[in-house]
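A.B. asks: My structure is below; once you've seen it, I'll send some questions.
Quick note: the coordinates plus some simple rules give every number you see, no bench work behind them. Just so we're clear, the structure is a prediction, and the values are computed from it rather than from any experiment. Neighbour counts run over all protein chains shown; Cβ positions are idealised from the backbone, glycine included.
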Amino acid sequence: MQTVLITGGTGMVGQALTNYLIDNGYDVIVLTRSEKRSSRLHLSYAKWDIESQYIDPEALKMADIIVHLAGESVATKRWSKKRKEEIVQSRVRSGALLVKVLSENEHKVKTVITASAIGWYGPDTAESLQFGFKENDAPDDSYLSTTCQQWEQSVESIAQMGIRLVTLRIGIVFNKRGGALAEFIKPAQFGLATILGPGTQIMSWIHQQDLCKMILFAATHENVQGVYNAVAPAPSTNKQIVELVAAKLFPFHITFKVPVFILKIMLGEMSVEVLKSANVSSDKIQQAGFEFEYPAIDAALSQLLKK
């Protein structure tokens with residue numbers, strides 16, 4: 001039985017991935033900043049500290065695969081100068097810690113799968129609207145894009161150690177317990193479909209189950225190496241998603257648009273990302289052999305919103 005070491009394992013995706021890996025026959029070690037004990041079979045916790053650049057060496061020795069999800073949430077707080085720096089440093093310093101411990105300690109790690117985000121790409125162009133952003137497309141100069149660039153650069157030297165490195169640029173993860181979908185559900189429960197700005201902006205999303213499946217796929221397929229977009233094959237507009245959520249929860253709903261100026265007041269700089277259209281392609285991971293359980297938004301929302 002192989003052992004997967006997870007950073008960021010206590011977050012929304014990390015918890016789902018932990019359950020998914022255990023269900024598929026893996027031992028999981030979750031790195032945490034505080035002392036924790038598990039009563040669950042095949043799950044344990046180990047200490048790490050980004051500030052002091054420390055990871056429990058015994059946990060590292062046990063790991064066959066590392067999944068690196070750690071990083072401060074981009075969407076939970078307003079982007080003050082301090083918050084933006086916290087977001088960047090949580091990713092860069094945790095990546096640097098992995099590089100450090102893998103280069104300085106004995107281990108048997110063969111694969112590292114690290115998260116990035118589709119924030120790497122800028123707003124849609126005529127070409128991306130037709131074909132979708134591909135993994136070799138250049139980043140832009142926005143805050144999220146430069147963050148993603150530093151995020152990916154922080155771990156790229158792992159590949160030079162002879163360890164297979166896979167970087168997943170993750171889209172908007174749909175899980176009804178948190179993230180964007182939870183925000184759409186709140187007004188929809190009261191019969192309101194709240195479209196953000198024009199509503200025509202394309203959202204490249206992925207069902208959380210498919211993201212977990214893709215991480216395991218990357219871990220078990222040696223032909224998968226480098227950067228892949230982790231998005232469903234059928235991106236949808238904000239309007240399509242919001243109205244579909246409302247229709248599934250409250251058949252007789254009212255649709256209204258939240259004006260752009262209100263979003264700018266409410267969200268500040270973050271509103272740029274909420275209003276940005278980004279049509280991102282999943283072709284590369286599909287060509288590698290990955291098959292989505294939820295390729296289209298209707299089926300994904302039906303599963304997530306079922307009673």
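A.B. asks: With charges set only on the Cβ (+1 for Lys and Arg, -1 for Asp and Glu), what does the dipole of the stretch 1-124 come to about its Cα centre, in debye to the nearest 20?
C.D. replies: 460
A.B. asks: Something else: Scan the stretch 1-108 for chymotrypsin sites (Phe, Trp or Tyr not before Pro) in coil per DSSP, keeping those whose Cβ has at most 12 other Cβ atoms within 10 Å, and list them by number.
C.D. replies: Answer by residue number: there is no such site.
A.B. asks: Among Ile158, Ile254, Ile241, whose mean-square fluctuation peaks in a Gaussian network model of the chain (Cα, cutoff 10 Å)?
C.D. replies: Judging by the Gaussian network model, the answer is Ile254.
A.B. asks: Against the longest principal axis of the chain, how steep is helix 143-153, in degrees 0 to 90 to the nearest 10, with axes from Cα atoms?
C.D. replies: Once rounded, the angle reads 20 degrees.
A.B. asks: Just want the answer: with Cβ charges of +1 for Lys and Arg and -1 for Asp and Glu, which residue in Leu60, Gln89, Val260 is farthest toward the dipole's positive end in the stretch 3-300?
C.D. replies: About the Cα centre, the residue reaching furthest to the positive side is Val260.
A.B. asks: Going highest first, how would you order 121-129, 258-266 by mean Cβ packing within 10 Å? Could the numbers behind the result be given before it?
C.D. replies: Working: 121-129: 16.2, 258-266: 13.2.
For the peptides 121-129, 258-266, the packing ranking is 121-129, 258-266.
A.B. asks: Nearest 10 degrees is fine. How inclined is helix 179-188 to the longest principal axis of the chain, computing both from alpha carbons?
C.D. replies: Helix 179-188 sits at roughly 30 degrees to that axis.
A.B. asks: Which value, in debye to the nearest 20, gives the size of the charge dipole of the chain about its Cα centre, when Lys and Arg are +1 and Asp and Glu are -1 at the Cβ? Walk me through the numbers on the way to the answer.
C.D. replies: Values: 32 positive and 31 negative charges, 211 e Å.
Using Cβ point charges on Lys, Arg, Asp and Glu, the chain gives about 1020 debye.
A.B. asks: Enumerate the amide H contacts of Thr114 below 5 Å, restricted to partners 5 or more residues apart or on another chain; note that Pro and chain-start residues carry no placed amide H.
C.D. replies: Those lying under 5 Å, H to H, from Thr114 are His68, Val166, Thr167, Leu168.
A.B. asks: Here's something else I'd like to know. What is the P(r) of the chain, as percent of Cα-Cα pairs per 10 Å bin from 0?
C.D. replies: So the P(r) values, bin by bin, are 6, 27, 35, 23, 8, 1, 0.
A.B. asks: Need one number: % antiparallel among DSSP beta bridges in the stretch 3-300, to the nearest 5.
C.D. replies: So the antiparallel bridges in the stretch 3-300 amount to around 10 percent.
A.B. asks: Scan the stretch 145-252 for GluC sites (Glu not before Pro) in coil per DSSP, keeping those whose Cβ has at most 16 other Cβ atoms within 10 Å, and list them by number. Don't jump to the answer; show the numbers that get you there.
C.D. replies: Values: sites: Glu152, Glu156, Glu183, Glu222, Glu243; in loops: Glu222.
When the GluC sites (Glu not before Pro) of the stretch 145-252 are filtered for loop state and at most 16 Cβ neighbours within 10 Å, Glu222 remain.
A.B. asks: A further question on this structure: Gap in Å between the Cα centre of the stretch 107-156 and the Cα centre of the stretch 202-239?
C.D. replies: Result: 13 Å between the Cα centres.
A.B. asks: Which ordering of Arg40, Arg93, Arg169 is given by a fewest-first count of other beta-carbon atoms within 10 Å?
C.D. replies: Arg40, Arg93, Arg169
A.B. asks: Which one, Ser277, Ser157, Ser94, has the greatest fluctuation when you compute a Gaussian network model over the chain with C-alpha springs under 10 angstrom?
C.D. replies: With Cα springs under 10 Å in the chain, the top fluctuation among Ser277, Ser157, Ser94 is at Ser157.
A.B. asks: Further, regarding this structure: How far is it, in nm, from the label point at Ser52 to the one at Asp141 when both lie 7 Å from their Cα along the line to the Cβ?
C.D. replies: 4.2
A.B. asks: Okay, next question. Please give the Cα centre distance for the stretch 270-296 versus the stretch 14-50, rounded to the nearest Å.
C.D. replies: 28
A.B. asks: Given a Förster radius of 25 Å and the C-beta distance between Thr200 and Ala75 as r, what FRET efficiency does 1/(1 + (r/R0)^6) yield to the nearest 0.05?
C.D. replies: Working: r = 21 Å, r/R0 = 0.84.
Efficiency, from the Cβ-Cβ distance: 0.75.
A.B. asks: Now, a different point. Find how much the distance from Met1 to Arg177 grows on full extension, using 0.36 nm per residue of separation minus their present alpha carbon separation; answer in nm with one decimal.
C.D. replies: So the extension gain works out to 60.3 nm.
A.B. asks: Going through the cross-link list Lys176/Lys213; Lys47/Lys284; Lys110/Lys276; Lys176/Lys276; Lys84/Lys264, which pairs have a Cα-Cα distance over 26 Å in this structure? Before the final figure, lay out each step's value.
C.D. replies: Working: Lys176/Lys213 18 Å; Lys47/Lys284 36 Å; Lys110/Lys276 37 Å; Lys176/Lys276 22 Å; Lys84/Lys264 17 Å.
Violating the 26 Å Cα-Cα cut-off are Lys47/Lys284; Lys110/Lys276.
A.B. asks: Here's something else I'd like to know. Could you name the aspartates and glutamates in cross-link range of Lys186, using Cα to Cα under 19 Å and dropping any fewer than eight places away on the same chain?
C.D. replies: Correct list for Lys186: Glu243, Asp298.
A.B. asks: OK, next. Specify the angular offset, from 0 to 90 degrees and rounded to the nearest 10, of the alpha carbon long axis of helix 12-23 from the longest principal axis of the alpha carbons in the chain.
C.D. replies: For helix 12-23, the angle is close to 60 degrees.
A.B. asks: Still on this structure: Based on the mean of other Cβ atoms within 10 Å per residue, sort peptides 135-143, 65-73, 191-199 so the most packed one is first. Mind showing how you got there, number by number?
C.D. replies: Numbers: 135-143: 13.9, 65-73: 23.1, 191-199: 18.4.
So the peptides 135-143, 65-73, 191-199, ranked by packing, come out 65-73, 191-199, 135-143.
A.B. asks: Right, another one. At each listed q (0.14, 0.15, 0.19 Å⁻¹), what is the log10 of I(q)/I(0) that the Debye formula gives for the stretch 1-116 modelled as equal alpha-carbon point scatterers?
C.D. replies: Results for the stretch 1-116 at q = 0.14, 0.15, 0.19 Å⁻¹ read -0.56, -0.64, -1.01.
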